[in-house]
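These notes concern the structure reproduced below.
Quick note: the coordinates plus some simple rules give every number you see, no bench work behind them. Everything quoted here is computed from the prediction, not taken from an experiment. When we count neighbours, we look across all protein chains shown, and the Cβ atoms used for this are built from the backbone with ideal geometry, even at glycine.
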Amino acid sequence: MMDSENTALCYKVDDLCGLLGISRPTAYELVHKRDFPKIQVGRRILVPRAGLEKWLESQLNATESEARG
C-alpha cells in the first residue's frame, strides 16, 4: 500500500513537523517566511511537495556555499 504522505501533492503545516522533524510553532514560522513556498486556500496553508523539495535544495546549496567560504 502506498503511503499517502509521500504521494501527496501538497502538505499541511502539521505534515511539515513530521517530515522535517520540527515543532509546530517552528513550522508556522517557516511557512510565514517570504521565500518559503506555500499556497493559501482560505485560512489553510498548503506547501506544494515540488516547491518544498526545491526550497530544501536551495537551503542545502546555500549552506554548502557558506561552508566553503
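Listing 13, 47, 41 from the residue with the fewest other Cβ atoms within 10 Å to the one with the most, what is the order?
41, 13, 47
Using Cβ counts within 10 Å as a stand-in for footprinting exposure, how do 64, 29 rank, fewest first?
Numbers: 64 9, 29 12.
The fewest-first ordering by Cβ neighbours comes to 64, 29.
When a footprinting reagent is the concern and you count Cβ atoms within 10 Å, what order do 38, 33, 12 take, fewest first?
Details: 38 19, 33 10, 12 13.
Least to most surrounded, the residues fall as 33, 12, 38.
Non-local amide H neighbours of residue 10 (under 5 Å, H modeled in plane, Pro and chain starts lacking H): which ones?
49
Using θ = phi - 60° and the Karplus form 6.51 cos²θ - 1.76 cosθ + 1.60, what ³J(HN,Hα) does each residue of the range 40-53 get, whole Hz, x for Gly and Pro?
9, 10, x, 8, 7, 10, 10, 10, x, 4, 4, x, 5, 4
Under the rule of -39500 (n - 2.57) per DSSP H run of 4 or more residues, summed and divided by the residues of the chain, what mean residue ellipticity at 222 nm is obtained, to the nearest 500 deg cm²/dmol?
-17000 deg cm²/dmol
For the chain, what's the relative contact order in percent, using C-alpha pairs closer than 8 Å and at least 6 residues apart?
Numbers: 53 pairs, mean separation 19.7, N = 69.
Averaging sequence separation for qualifying contacts and normalising by length gives 29 percent for the chain.
Expressed in whole Å with the largest first, what are the equivalent ellipsoid semi-axes of the chain derived from the C-alpha gyration tensor as the square root of 5 times each eigenvalue?
Values: eigenvalues 100, 46, 27 Å².
That gives 22, 15, 12 Å for the three semi-axes.
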